Amino acid sequence: RTRLMVRRFCWRAQDMDPKTIATVKSTARVMKEHGYEITQEMYATMFEEHEDIKALFNHDNMVVHPGETKKKQPLLLAQAVHAYAENIDNLSLLESAVDRITKKHVSANVKPEHYGIVGRHLLNAVKKVLGEKAKPEICDAWEKAFNFLAELFIETENNLRKEEAAKKEVSNLGCRCTLG
């Protein structure tokens, strides 16, 4: 059911401004190269300002473990940002990732209001890390693309929550049948 929602949004991606799609796609290489630094900066500033959001994350994923060179959570987000830029013109390639992330967000209790905070910190991190390379048209395109993706996650997560609540309600009712 979650995948059906994702497919519907992938279809709606065609409504996204072609210039936005082209601009975001043109940044894929830069996002691959600088994504980890961007997401590191984003998490640092966001967690400093929003302890409530920091509490949603597995803190074990926010440290570098022996034998590794990067923190898991910033790396995963950097890879996701790159994949989004690379495939923004064919979002169906991201269906399974969006489905997986949606389920993770619901279990972590991510709320719709968190997306605006994350988006603001992500764009500020892009500007800080890329400096003059973060031209206004690039930042505007990323803001539109982020808002599109945030809308996808919010709607899909809300539907998943409703499904889970309905299943819980049915299981709580039980079924007491008597014959006779």
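Kindly indicate whether residue 80 is open to solvent by less than 70 Å² (accessible area, probe 1.4 Å), over 27 Å from residue 17 (Cα atoms) and free of Cβ contacts under 8 Å to residues at least 40 places away in the same chain. No. Only residues that are of a type in the set (D, E, K, R) and either within 12 Å of the chain's Cα centre (by Cα) or assigned to a helix (DSSP H, G or I) (or both) were counted across region 68-83, and they come to 1. Within region 138-173, being open to solvent by 90 Å² or more (accessible area, probe 1.4 Å) and in contact with a Ser or Thr (Cβ under 6 Å, 6 or more places away or on another chain) holds for one residue alone: 144. Is there a residue in region 115-122 that is charged (D, E, K, R), out of contact with any His (no Cβ under 7 Å at 6 or more places or on another chain), closer than 22 Å to residue 41 by Cβ and open to solvent by 20 Å² or more (accessible area, probe 1.4 Å)? Yes, region 115-122 contains a residue that is charged (D, E, K, R), out of contact with any His (no Cβ under 7 Å at 6 or more places or on another chain), closer than 22 Å to residue 41 by Cβ and open to solvent by 20 Å² or more (accessible area, probe 1.4 Å). Among the residues of region 28-46, those that are open to solvent by 10 Å² or more (accessible area, probe 1.4 Å) and under 14 Å from residue 131 (Cα atoms) comprise 30, 34, 37, 41.
Name the pairs whose Cβ atoms lie under 9 Å apart, with the first residue in region 59-72 and within 15 Å of residue 36 (Cβ to Cβ), the second open to solvent by 60 Å² or more (accessible area, probe 1.4 Å) and in a helix (DSSP H, G or I), and 6 or more positions between them or separate chains? Hits for this filter: 61/72; 61/76; 62/54; 62/72; 63/72; 64/72; 72/60.
The values are calculated or read from the model by the stated rules, or taken from the named source; none is laboratory data. All values reported here derive from a predicted model rather than from experimental measurement. Every residue, glycine as well, gets a Cβ built from its backbone with ideal geometry; the counts of neighbours run over all protein chains shown. Calculation scope for accessible area: heavy atoms of the full protein, side chains included, ligands and nucleic acids excluded. Shrake-Rupley method; radii C 1.70, N 1.55, O 1.52, S 1.80 Å.
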